[in-house]
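All remarks here apply to the structure that follows.
The values are calculated or read from the model by the stated rules, or taken from the named source; none is laboratory data. Keep in mind it's a predicted model, so treat the numbers as computed, not measured. Here the Cβ positions follow ideal geometry from the backbone for every residue, glycine too, while neighbour counts run over all protein chains shown.
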Amino acid sequence: MMKDRIDLLADILMAAAFSDGHLEGIEKATVTRLLRETLGVPTLPMDLSFRINDFSMAEFKLRETAAAFAGDPPETKRALLQLVAAVHASDSEHDFEEDAFLRQLAGALGMPSEAYADLVIHILEQVDLVDSLARVRAVG
């Protein structure tokens, strides 16, 4: 029988919600909704609700928690990152702390950056930007 990792998933999603330094109500609601959908239930089990309400970012250990998913197939790891990205997107603000959290999680999962490049912010180097502008400006 496979071990249920719903508690660990809840911890990762709550850490994602806190990764920008504060928890928005919509982020917590999104974590709850995603977990309900994952479990296929209308309301979360009481112990899981308590876990979410009592979550402490100070006690969360990213590498330790991610280790439970490190041996999963790439599609499963990507699905986990997509859930994290959904939590980040729920407050309609995407910031560098959230981005850094997603990158750290992906690293802890052993994922190559190209496997999640579409889920993170890309900063163009000034040199690349100048080159791009020159190409756009050029005629024929």
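Points to keep in mind about this one:
- The residue that is farthest from A15 (Cα to Cα), among those in region 32-48 that are touching a residue at least 12 places away in the same chain (Cβ under 8 Å) and among the hydroxyl-bearing types (S, T, Y), is T38.
- The residues on offer are D99, D4, D20, D11, and the sole one that is in a loop (DSSP other than H, G, I, E, B) and crowded, with 18+ Cβ neighbours inside 10 Å is D20.
- Filter result for D91 (assigned to a loop (DSSP other than H, G, I, E, B), among the charged types (D, E, K, R) and surrounded by 13 or more Cβ atoms within 10 Å (Cβ to Cβ)): yes
- Residue within region 43-53 that is modelled with pLDDT of 95 or more, farther than 15 Å from L119 by Cα, among the aromatic types (F, W, Y) and assigned to a loop (DSSP other than H, G, I, E, B) present: no
- Test result for F60, out of contact with any strand residue (DSSP E or B) (no Cβ under 8 Å at 6 or more places or on another chain), at pLDDT 85 or above and buried (at least 17 other Cβ atoms within 10 Å of the Cβ): no
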